[in-house]
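Below is one structure, written out as structure tokens; the observations come after it.
The values are calculated or read from the model by the stated rules, or taken from the named source; none is laboratory data. Everything numeric here is computed off the predicted structure, so don't read it as measured data. Glycine also receives a Cβ, built like all others from the backbone with ideal geometry; neighbour counts cover every protein chain displayed. When the accessible area is computed, the model is the full protein with side chains, heavy atoms only, and any ligands, DNA or RNA have been set aside. Shrake-Rupley method; radii C 1.70, N 1.55, O 1.52, S 1.80 Å.
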Amino acid sequence: NWNPGSTSAVWSNRSLVDNLAAVFRRRQMEAFRKGIVGVPLNSRMFAPLDDVIAFLNEETDDEKLSDLLWGLIAVEYPKERINSDNSECEVPFEFGVPRLLVEKMCFTANGEYWNLSDEGDANAKPEPEVIHVLSSGRKDAVTQCVDRAARRLKSGGLLVTGYRNRYQAGKPPGVVSGICPERLLAALLFPLSTRDLERIANSVLHPPESEV
């Protein structure tokens, strides 16, 4: 049922990116108030990672997507989860690193790869301040977000690519990106399958064997 007086409604006559970013911020704030770790993105439907990357790279028709959303929210989807197709696009580093800190996740070593586990304590613990910087208006907002996310992942035993380089050990990645901070924030809202989250982890993190 709709609740006309709910303060959770943040969608307005703005661009799709601004609205999605507002939804993310609101959901994160309400989760914090309720003592929930991370941002709840549970869904029976997942966005294919390649499509999310296309959105991030401004290769989507945002106006049409915004119109479609109003019709799609009325669709009753199957109860079983529907996985996305195999992803092929390269995962942007500035998206992959903070995306691992949106939800409470536990990564375990499986040979040379990282697997997402339903059991055990999260090593990639979400940190609101990592994401908040994207709304700061700073010119280096994306750089700061990635640097903070990398430090947070490192504290949980997950080293991002570059940290094992002896010249970069302990230094921030210092990523320079042309991606709009608000668009990056909006892209973090899309729910992803376990397979795609593992693909992100294995794209931006050192393999487990390098942790020894």
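Annotations
- The residues on offer are Arg14, Arg44, Arg25, Arg33, and the sole one that is open to solvent by 60 Å² or more (accessible area, probe 1.4 Å), among the charged types (D, E, K, R) and in contact with a strand residue (DSSP E or B) (Cβ under 9 Å, 6 or more places away or on another chain) is Arg44.
- The set of residues in the range 63-99 that are among the charged types (D, E, K, R), closer than 26 Å to Gly38 by Cβ and at pLDDT 80 or above comprises Glu90, Glu94, Arg99.
- Top-ranked residue in the range 8-50 [being more than 25 Å from Glu76 (Cα to Cα) and not in a helix (DSSP H, G or I); ranked as modelled with the highest pLDDT]: Ser15
- Here Tyr77 fulfils each of the conditions (1) free of Cβ contacts under 8 Å to residues at least 60 places away in the same chain; (2) farther than 23 Å from Gly178 by Cα; (3) out of contact with any Gly (no Cβ under 7 Å at 6 or more places or on another chain); (4) not in a loop (DSSP other than H, G, I, E, B) apart from (4).
- Residue pairs meeting the criteria (Cβ under 8 Å; at least 6 apart or on separate chains; first within 12 Å of His132 (Cα to Cα), in the range 8-31; second of a type outside the set (Val, Ile, Thr) and assigned to a loop (DSSP other than H, G, I, E, B)): Ala21/Leu189; Ala22/Trp11; Ala22/Ser12; Ala22/Arg14; Phe24/Leu188; Phe24/Leu189; Arg26/Ser8
- Once the range 89-99 is narrowed to residues that are touching a helix residue (DSSP H, G or I) at 6+ places or on another chain (Cβ under 6 Å) and assigned to a loop (DSSP other than H, G, I, E, B), the residue that is most open to solvent (accessible area, probe 1.4 Å) is Cys89.
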